[in-house]
Amino acid sequence: MRKSGLIACLCMLLWMMGMGSTAAEAHEMSMVTAVKSNLKLMLNGKPLQVEESYLIDNALFVPYRAFAEGIGAKVNYETATRTVSVKKDAKIVRFQLGSSEAMVDGSSQMMVGPAQIIHNATFVHARFLAEVFGIQVQYDKAAHTVNLVSKQSSENPEAKTYYVTIEGFQFKGGNITVEAGSTIVFTNKDKVKHNAVAVDGSFKLPLLATGESGSITLKEPGEYDYFCELHKNAMQATITVK
Ligand SMILES: [Cu+2]
């Protein structure tokens, strides 16, 4: 009776030790190096959906396929060499799973970390994959949002990015003159929701909650009178595109 109890105890102990080490390894893999991220991704003011994202050493890693397709690129995976190709316009980026080296149109560039598998999906550094295709990346800490702003290749090289703060029921910096093709990022700092809607219907931002941002890109020269849908009388401004 006593002996069998001791053996049972020993077995239990060995089993727990075994469990302990696998749990620790799993912990190291999934928790220490990659932390699940709750950052939102916005592309030109519209949400870019990815199933999951992770922070690895404070760098945002996203599932490469959803992200690449979201920014308008085409992806291909070659199983034999474990190589991912991402193509957008005339540019091709290739990288191998587990490697930090990427080939951009045939020339080598280093990424902050390797493309890697987390929970059966392959993740890659979001900023790298965006910037390599000329997409600007802005991190809005307050809004927990990463804003991606793409430029069309046909666009005016003079085009810039402007920022309008919505605060105190006003479009601060909202009466502006911008170069054709410029992007205007609106950020709401009020406790109530606001948006920006063009009188002529050429743009309409969704209602932005506190800390949220949305952006528009204006390509056609002209005067764009706009207002906030919820506070039409109090909030009006004009963007001039030259
Ligand atoms: Cu408003």
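The values are calculated or read from the model by the stated rules, or taken from the named source; none is laboratory data. All values derive from a computational prediction rather than experimental measurement. We place every Cβ from the backbone using ideal geometry, glycine too, and count neighbours over all the protein chains shown.
A few notes on this one:
- Single residue of segment 179-191 satisfying the filter (crowded, with 20+ Cβ neighbours inside 10 Å and within 15 Å of the ligand (Cβ to nearest atom)) that is nearest to TYR163 (Cα to Cα): PHE186
- Count - residues of segment 169-214 that are touching a Pro at 6+ places or on another chain (Cβ under 8 Å) and either within 15 Å of HIS231 (Cα to Cα) or of a type outside the set (A, V, I, L, M, F, W, C) (or both): 2
- Test: residue in segment 223-236 that is surrounded by fewer than 19 Cβ atoms within 10 Å (Cβ to Cβ), out of contact with any His (no Cβ under 7 Å at 6 or more places or on another chain) and closer than 27 Å to GLN49 by Cβ: yes
- Scanning segment 203-222 for residues that are touching a Phe, Trp or Tyr at 6+ places or on another chain (Cβ under 6 Å) and either surrounded by fewer than 16 Cβ atoms within 10 Å (Cβ to Cβ) or of a type outside the set (A, V, I, L, M) (or both) gives a single hit, GLY214.
- In segment 211-234, the residues that are within 8 Å of the ligand (Cβ to nearest atom) and at pLDDT 95 or above form Cβ pairs under 7 Å with partners that are outside any strand (DSSP E or B) and not hydrophobic (A, V, I, L, M, F, W, C), at six or more places apart or across chains, as follows: CYS228/ASN195; GLU229/ASN195; LEU230/LYS193.
- Residue within segment 19-37 that is modelled with pLDDT under 90, closer than 22 Å to VAL132 by Cα and not aromatic (Phe, Trp, Tyr) present: no
- Screening ILE176, ILE166 for residues that are surrounded by 14 or more Cβ atoms within 10 Å (Cβ to Cβ), within 16 Å of the ligand (Cβ to nearest atom) and of a type in the set (A, V, I, L, M, F, W, C) leaves exactly one candidate, ILE166.
- Residues in segment 105-140 that are surrounded by fewer than 18 Cβ atoms within 10 Å (Cβ to Cβ) and in contact with a Lys or Arg (Cβ under 7 Å, 6 or more places away or on another chain) were compared, and the one that is nearest to TYR162 (Cα to Cα) is VAL137.
- Those strands (runs of 3 or more DSSP E) lying entirely in segment 94-194 with at least 1 residues of a type in the set (Val, Ile, Thr): 101-104, 116-118, 121-125, 136-140, 145-149, 161-167, 176-178, 182-188
- Counting the residues of segment 192-202 that are within 16 Å of the ligand (Cβ to nearest atom), surrounded by 14 or more Cβ atoms within 10 Å (Cβ to Cβ), within 20 Å of VAL241 (Cα to Cα) and more than 22 Å from the chain's Cα centre (by Cα) gives 3.
- The set of residues in segment 128-159 being out of contact with any Gly (no Cβ under 8 Å at 6 or more places or on another chain) and farther than 28 Å from VAL50 by Cβ consists of PRO157 alone.
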